[in-house]
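Notes follow the structure.
The values are calculated or read from the model by the stated rules, or taken from the named source; none is laboratory data. Because the structure is a prediction, the values reported are computed rather than measured. All Cβ positions, glycine included, derive from the backbone under ideal geometry; neighbour counts span all protein chains shown.
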Amino acid sequence: MRRFFLSLRAPNVPDRRSSGEPPQESAAIQRKVAIAACFGTFLEWYDFLTFASLATYFSVLFFPPENPVAALLASLATFGVGMLVRPLGAAVFGSLADKHGRRPVFIATIALMGVTTFCVGLLPTYAQVGLLAPALLLVLRLLQGFSVGGEIGGSAVYLTEHAPPGKRGAYTSVLQLMGPLGILASTFQVVLLQSLLSGDDFGAWGWRVPFLFSAVLLAISLKSRMSLHESPVFRRMRENKTLSRAPLRECIADRRTLGRMALLFFCISAGGSLLFFSSQVYTNVYLKSVVRLEPQLAGTLVMMGTLVLFPLTVFCGWLSDRIGRRPVLLAGLLLGCLIILPVFQGLMHYGNPALERFNREVAVALHGESCHYGPFTPARNDCERSQELFVKLGVTYALYPARTPGQTIVRIGKAGQIEGYLPEEIKRALQAEGWPERADPGRIDRLMLTLLLMATVLPVALITGPQTAVLAELFPARTRYTAAALPHNLSAGWIGGLSPFMITLLSVKAGNALSGMWYPAGLLAAAFAVGLLFLPETRNTPLDG
């Protein structure tokens, strides 16, 4: 492997400092670096998030159809598993980058991501090969997560080490646009395909198109990255023979570096990934599965909200160059904590007011014993089957002990009680009390939904705008790639990446679709407290240190 990475090194470029020239690179080189790094990161996010955009379809295509709620959660969990292996990729590729250079790692990670994503488009479905389908999907998701671990965080280091002094925040903020741009591209492609194809055709083969198209993006990205030179900071370390032989061991042994890695994990990366995945990824699932909008409309609304993130992120990066990284980051954490729950309440209010009214005004009570429905186990009795039905229908309910041992009773509003598990009778009783099976197109307030989705992007921009520069500024040059990539991917994978799954699971357990939103709100509050106490100002930190 060492020989492979050495073979990918760029031609040796003389250090400007050794020739008497200023160490700052030309604007043309900086633009070239920014374009190549950003396009590659865009491909990583496009590939990775196309799966999230199609999570509701994958639950049908790749998992047993008997339990729709369990299938959706299994689909989200498979997405989360890809996030779990990101730290492993960060540790492996981070050490290689600190020892052999940033450039060869960029080429390897983008190639692995592109190939695995293309293979997802070729997978057989559950109907064709049974349980082999989710097994193959899981393997490819693990490889995707492994490659993203080497890319995300490391690209921030590479780009920041090329950034012009005094403009790091604005210059590097463009890298953070690649996440929402990846969502925008994948969502737009899915919406376009859904508008051109029938539902049956999209389910049969249309979903494969975004994955297969990644082969074109991979070819462009590889060409741009092969032409890059090594970062000036790494070249100087290599010439001065100050490279680290064991970057990960050095990070753990240095208490200051280890403390800042913990700060990155608990505060900056945790807050940014929670807001990003909650507001940009889970919203699509929430609008389809909970608010019960048509998939095409849900995708279009998310796409419109995402557009606002582009100028805001660059502005917040520029702002951090003027007033400092710390106040901008703290403002994003605090604002995100305060608005995330009200925004999701508003999405229900303006997206499906009939369902909101029903859940608020109509009391649904379930009396039963041994009623512990779990999304990964089949319902064992009438009480658990009733729980599963209410979750599938988006109905909020309260659970009470059985009045008579072995008896299950459902009460819906003023209707009489229903004994046992009678799904058709339960649905008729729900409809009699005003429960809507789908959102009424005539009562959907599209403008307010768009504004609410736009509101969530401000705290995202406040964190992600300065985040790229901060990832590099926190750590010494010789272990910077490893020190930045490992905690960033741990946090983004374990906290942010699993947040859609955790939100859905907590909502199922509570019997209330909004209960899961306390998960990101609480963690954002904790991240703000940690940042308020320990976050340093890094704006003018020298990168050669």
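Restricting to the range 62-94, name every residue that is in a helix (DSSP H, G or I), modelled with pLDDT of 70 or more and surrounded by fewer than 23 Cβ atoms within 10 Å (Cβ to Cβ).
81, 84, 88, 91, 92
For every residue, the table says whether it meets (1) at pLDDT below 85; (2) of a type in the set (D, E, K, R); (3) touching a Pro at 6+ places or on another chain (Cβ under 7 Å).
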position	(1), (2), (3)
150	yes, no, no
163	yes, no, no
184	yes, no, no
187	yes, no, no
190	yes, no, yes
194	yes, no, yes
205	no, no, no
208	no, yes, no
212	no, no, no
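Out of curiosity, is residue 302 crowded, with 22+ Cβ neighbours inside 10 Å, β-branched (Val, Ile, Thr) and modelled with pLDDT of 90 or more?
no
Within the range 345-362, can you find the residues that are within 15 Å of residue 391 (Cα to Cα) and of a type in the set (A, V, I, L, M)?
355
Show the residue pairs meeting these rules: Cβ distance below 6 Å; 6+ apart or different chains; first residue within the range 301-317 and within 14 Å of residue 452 (Cβ to Cβ); second residue surrounded by fewer than 20 Cβ atoms within 10 Å (Cβ to Cβ) and aliphatic (A, V, I, L, M).
These pairs meet every condition: 305/454; 308/454.
So residue 167 passes all but one of these: (1) surrounded by fewer than 19 Cβ atoms within 10 Å (Cβ to Cβ); (2) touching a Leu at 6+ places or on another chain (Cβ under 9 Å). Which condition number does it fail?
For residue 167, the exception is condition (2).
Quick one: would you say residue 483 is surrounded by fewer than 24 Cβ atoms within 10 Å (Cβ to Cβ), of a type in the set (Gly, Ala, Ser) and in contact with a helix residue (DSSP H, G or I) (Cβ under 7 Å, 6 or more places away or on another chain)?
For residue 483, the condition - surrounded by fewer than 24 Cβ atoms within 10 Å (Cβ to Cβ), of a type in the set (Gly, Ala, Ser) and in contact with a helix residue (DSSP H, G or I) (Cβ under 7 Å, 6 or more places away or on another chain) - is not met.
Just one of (1) among the acidic types (Asp, Glu); (2) part of a helix (DSSP H, G or I); (3) over 17 Å from residue 515 (Cα atoms) trips up residue 356, so point out which.
Against the list (1) among the acidic types (Asp, Glu); (2) part of a helix (DSSP H, G or I); (3) over 17 Å from residue 515 (Cα atoms), residue 356 comes up short only on (3).
Within the range 373-406, restricting attention to residues that are aliphatic (A, V, I, L, M) and farther than 22 Å from residue 433 by Cα, which residue is modelled with the highest pLDDT?
402
For residue 483, state whether it is touching a Lys or Arg at 6+ places or on another chain (Cβ under 8 Å) and not in a loop (DSSP other than H, G, I, E, B).
Spelling it out, residue 483 is indeed touching a Lys or Arg at 6+ places or on another chain (Cβ under 8 Å) and not in a loop (DSSP other than H, G, I, E, B).
Tell me which residues, restricted to the range 313-338, are surrounded by fewer than 19 Cβ atoms within 10 Å (Cβ to Cβ) and at negative phi.
315, 318, 322, 323, 326, 327, 331, 338
Kindly list, by first and then second residue, each pair from a residue in the range 123-142 that is free of Cβ contacts under 8 Å to residues at least 40 places away in the same chain to a residue that is polar (S, T, N, Q), limited to pairs with Cβ atoms under 9 Å and residues at least 6 apart or on different chains.
Close Cβ pairs (under 9 Å, with a partner that is polar (S, T, N, Q)) amount to 139/116; 140/116; 140/117.
Answer yes if at least one residue in the range 524-534 is free of Cβ contacts under 8 Å to residues at least 60 places away in the same chain and either assigned to a helix (DSSP H, G or I) or not assigned by TED's automatic domain parsing to the domain that holds residue 464 (or both), and no otherwise.
Looking for residues that are free of Cβ contacts under 8 Å to residues at least 60 places away in the same chain and either assigned to a helix (DSSP H, G or I) or not assigned by TED's automatic domain parsing to the domain that holds residue 464 (or both), one finds at least one in the range 524-534, hence yes.
Within the range 407-426, take every residue that is among the charged types (D, E, K, R) and surrounded by fewer than 16 Cβ atoms within 10 Å (Cβ to Cβ) and give me the one that is modelled with the lowest pLDDT.
If we take residues in the range 407-426 being among the charged types (D, E, K, R) and surrounded by fewer than 16 Cβ atoms within 10 Å (Cβ to Cβ), then 414 is modelled with the lowest pLDDT.
Rundown of residues vs (1) outside the structural domain of residue 380 (by TED's automatic domain parsing); (2) of a type in the set (A, V, I, L, M); (3) touching a Cys at 6+ places or on another chain (Cβ under 9 Å), yes/no style:
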residue: 418; (1), (2), (3): no, yes, no
residue: 424; (1), (2), (3): no, no, no
residue: 462; (1), (2), (3): yes, yes, yes
residue: 465; (1), (2), (3): yes, no, yes
residue: 475; (1), (2), (3): yes, no, yes
residue: 478; (1), (2), (3): yes, no, no
residue: 481; (1), (2), (3): yes, no, no
residue: 484; (1), (2), (3): yes, yes, no
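Looking only at the range 510-523, count every residue that is free of Cβ contacts under 8 Å to residues at least 24 places away in the same chain and either surrounded by fewer than 19 Cβ atoms within 10 Å (Cβ to Cβ) or in a loop (DSSP other than H, G, I, E, B) (or both) and tell me the total.
Residues flagged as free of Cβ contacts under 8 Å to residues at least 24 places away in the same chain and either surrounded by fewer than 19 Cβ atoms within 10 Å (Cβ to Cβ) or in a loop (DSSP other than H, G, I, E, B) (or both) within the range 510-523 amount to 3.
Considering only residues that are touching a helix residue (DSSP H, G or I) at 6+ places or on another chain (Cβ under 6 Å), farther than 7 Å from residue 465 by Cα and assigned to a helix (DSSP H, G or I), which ones fall in the range 306-318?
Result: 306, 309, 312, 318.
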